[in-house]
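Input: a single structure, listed below in structure tokens.
The values are calculated or read from the model by the stated rules, or taken from the named source; none is laboratory data. Values in this document were obtained by computation on a predicted structure and should not be read as measured data. Cβ atoms come from the backbone with ideal geometry, glycine included; neighbour counts cover every protein chain shown. Keep in mind that these areas ignore ligands, DNA and RNA; they rest on the heavy atoms of the full protein, side chains included. Shrake-Rupley method; radii C 1.70, N 1.55, O 1.52, S 1.80 Å.
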Amino acid sequence: MKTIETKLAPKFTCRGVSVHYGEFRALHDIDIDIADRSVTALIGPSGCGKSTLLRVFNRMNETIPDARTRGTVLMDGTDIYAPSIDPVLLRTRVGMVFQKPAPFPRSVYDNVAYGPRLHGLAQARGELKRLVEKSLRRAGLWEEVKDRLSLPAPSLSIGQQQRLVLARALAIDPDVILMDEPASSLDPIATARLEALIEELKKRYCIIIVTHSMAQAARISDKTAFLHKGALIEYDQTDRIFTNPSDTRTQDYITGRFG
Amino acid sequence: MSDPVPFYMLVIVGALMVGAYRIVYGRAARLVVPNLPGPSAARAQPRHHARLAAALTGLVGVGIYLTGLSLRGPIPSAGGDGLWLMALIVIPALPIALSIANVRPDFAARTHVERMAETGLMLLALVALLTTFGIVASLVFEATLFFRDVSIIEFLFGTQWSPQTPIRAGGTGQSGAFGAVPVFAGTFFITLIAMAVAGPVGLMVAIYLSEYASPRTRAIAKPAIEVLAGIPTVVYGFFALITVGPAIRDAAAWLGADVATQSSLAAGLVMGVMIIPLVSSLSDDVISAVPQSLRDGSTALGATKSETLTRVVFRSALPGIIGAFLLAISRAIGETMIVVMAAGRAANLSANPFDAVTTVTVQIVALLTGDQVFDSPRTLAAFALGLVLFVITLLLNIGALAVVNRYRIRFE
């Protein structure tokens, strides 16, 4: 019963969200609801604001000087921009994987253990070890690195590094995973593996993914949002966006006429 | 007339090079190049022929000039400058003629220019290398002379240093003591005090500047701190002597202790302040160079700014920070002026920071200034000190490089 309920209530509700970088308006008046336990894809041409929108959900825009966010963003009904919300704690519930995998200059094990150690998630002896294994298994990397846990993480292949940073994010047990073009530096095989993984992960997590690849959005997402010049043009079921979009700009973009 | 070969001859060589360049360039520009299929030397541009000609002319010209320079001393030439002048003008005609003859479609001037550049760079690198070897060789040579008079064991392990005692009184042996332990101990002790000041302070300054300061604060504070590095060390020296030393003495007196104005503490503190900008500036550069993606990755995992800093940024910047510290240590070891003024010249073997001590560099200055017989042990001791200091800094650098490389191999 609970699953059905959470599927009905949106994970995120954005109303009138605008983001400015200094004088530049990156996002304008966005209204969007993001469903839990599903994959939502954000597409649009470069500079359309899709990455900015993604970073609204874990308040990462605040690390950029001069960035201002306005509007309401509710996560499970709570305003995450309320003064009482600590962005540091918010980020433990909303994990993020970036375009370029950036493993810390430490061992594979220490990379995954980074978050749990930071937040004191594994107190008992051996618990951290189990948590690291669980996270690496979920990220589909365990079999490849189980004998190399003490090796420096930067020595892994790019595809493995991307799954490592995913495991690193999963280790602190978030509700949401944000992905900013996670496959853009991966080869087709590593991309296919990552997509299969996203398919698996959406059973547990709310996943929001920014992608440049329309084929990827069509393959993995349940709903797709098309952004253009900082505005949300169209937001619908993915198969509808790609077969029968209602806006001509969406039509033009997905058929490759611009962007 | 025994003045050296006049300088204007070099000017002539320069003029000849320009001439060669222009003549050959003109010839090569008029060269009709058949459009041959496949790789061809004709792909060389007129500038390649011309550069080659200029370089060849310059090489011959400078060769004649240097030959003249070395021969004029022992052999007074009959023709005076005129003969050399003639040679300088006539002989370079050969390379110019050769270059003109080489202006052919099948002459690979471009390849030769490439090889010439490579050779030139290698020669310049060799100059730096040979200079180092020369200095080391001279140090070793003079130090060997010293160790004929004083046993190496006594020098390295002796705890008495008093080279001021007159030596060689009629060949009946020496009364000077050349145990270098107190001198080296003084150097390391003062370096230690200086690093205890400059290490933490410099690092904190770097972290503040790179991570917390607003761009405006940074724009003002960074140059202001770097001004510290521009103050002449002699100014630091009398700051230590006039201000810091007495302040330490007064503070000690207030606490009931009786200490001298000159102390290793005064010298070390002031030296520490002097090398703060060295540590902070270099560390700031390496900390700023840590990729933003690493910081973002840590922030997205719910780390606070200071957690990201200590657990990710600092770790990534560590090789560079070690490098900065080592440069600072070398600077501290080599520093002389502050120590002369603030720490005294007494070769005490003491770990009490309120005692006067002396350092290797100060002793080298003391040994080599004044009227000295050059081959006396007293003078030669300076070379022995220099040699040991050189070996120590060398080992320090090698060790640090090894640490940094091991770290790099592991994590890059």
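Condition (residue is within 14 Å of chain B (Cβ to nearest Cβ) and β-branched (Val, Ile, Thr)) applied to region A:182-202: is it met by at least one residue?
Of region A:182-202, the ones within 14 Å of chain B (Cβ to nearest Cβ) are A:182, A:184-185.
Filter once more, so that each one left must be β-branched (Val, Ile, Thr): none.
Among the residues of region A:182-202, not one is within 14 Å of chain B (Cβ to nearest Cβ) and β-branched (Val, Ile, Thr), which makes the answer no.
To keep it simple, each residue is scored yes or no on (1) over 27 Å from B:Leu309 (Cα atoms); (2) assigned by TED's automatic domain parsing to the domain that holds B:Leu269; (3) among the hydrophobic types (A, V, I, L, M, F, W, C).
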residue	(1), (2), (3)
B:Arg216	no, yes, no
B:Ala224	no, yes, yes
B:Val235	yes, yes, yes
B:Phe238	yes, yes, yes
B:Arg249	yes, yes, no
B:Trp254	yes, yes, yes
B:Asp258	yes, yes, no
Open item on the list: Just the residues that are touching a Lys or Arg at 6+ places or on another chain (Cβ under 9 Å) and within 13 Å of another protein chain (Cβ to nearest Cβ), please, taken from region A:163-174.
Closed with: A:Leu166, A:Ala167, A:Leu170, A:Ala171, A:Ile172, A:Asp173, A:Pro174
Task: Those residues of region A:63-75 which are surrounded by 15 or more Cβ atoms within 10 Å (Cβ to Cβ) and either more than 14 Å from every other protein chain (Cβ to nearest Cβ) or more than 21 Å from A:Ala231 (Cβ to Cβ) (or both), in sequence order - done: A:Thr63, A:Thr69, A:Gly71, A:Val73, A:Leu74, A:Met75
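Just the residues that are aliphatic (A, V, I, L, M) and touching a residue at least 40 places away in the same chain (Cβ under 8 Å), please, taken from region A:78-111. Let's see the steps before the verdict.
So in region A:78-111, the residues aliphatic (A, V, I, L, M) come out as A:80, A:82, A:85, A:88-90, A:94, A:96-97, A:102, A:108.
Across region A:78-111, the qualifying residues are A:Val94, A:Met96, A:Val97, A:Ala102, A:Val108.
A quick yes/no check of all residues on (1) part of a strand (DSSP E or B); (2) of a type in the set (Asp, Glu); (3) modelled with pLDDT of 95 or more:
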{"residue": "A:Ala183", "(1), (2), (3)": "no, no, no"}
{"residue": "A:Leu194", "(1), (2), (3)": "no, no, no"}
{"residue": "A:Glu199", "(1), (2), (3)": "no, yes, no"}
{"residue": "A:Lys203", "(1), (2), (3)": "no, no, no"}
{"residue": "A:His212", "(1), (2), (3)": "no, no, no"}
{"residue": "A:Ala215", "(1), (2), (3)": "no, no, no"}
{"residue": "A:Thr224", "(1), (2), (3)": "yes, no, yes"}
{"residue": "A:Ile241", "(1), (2), (3)": "no, no, no"}
TODO: Would you point out which residue out of A:Arg117, A:Arg130, A:Arg137, A:Arg148 is within 14 Å of another protein chain (Cβ to nearest Cβ), within 22 Å of A:Thr92 (Cα to Cα) and open to solvent by 60 Å² or more (accessible area, probe 1.4 Å)?
DONE: A:Arg117
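Check region A:84-107 and report whether any residue there is on the phi > 0 side of the Ramachandran plot, within 14 Å of chain B (Cβ to nearest Cβ) and loosely packed, with under 15 Cβ neighbours inside 10 Å.
If we filter region A:84-107 for residues that are on the phi > 0 side of the Ramachandran plot, which is where we start, we get none.
No, region A:84-107 contains no residue that is on the phi > 0 side of the Ramachandran plot, within 14 Å of chain B (Cβ to nearest Cβ) and loosely packed, with under 15 Cβ neighbours inside 10 Å.
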Task: In region B:299-318, the residues that are more than 9 Å from every other protein chain (Cβ to nearest Cβ) and surrounded by 20 or more Cβ atoms within 10 Å (Cβ to Cβ) - done: B:Thr308, B:Leu309, B:Val313, B:Ala317
TODO: Residue by residue through region A:36-50, note down the ones that are open to solvent by 30 Å² or more (accessible area, probe 1.4 Å) and modelled with pLDDT of 95 or more.
DONE: none
Open item on the list: Against the conditions (1) away from every other protein chain (no Cβ under 14 Å); (2) closer than 25 Å to A:Tyr114 by Cβ; (3) of a type in the set (A, V, I, L, M), where does B:Val286 fall short? Just the number, please.
Closed with: (1)
Open item on the list: Residue under question is A:Ala124, and the condition is that it be more than 7 Å from chain B (Cβ to nearest Cβ), open to solvent by 30 Å² or more (accessible area, probe 1.4 Å), in a loop (DSSP other than H, G, I, E, B) and farther than 17 Å from B:Ser298 by Cβ; does it hold?
Closed with: yes
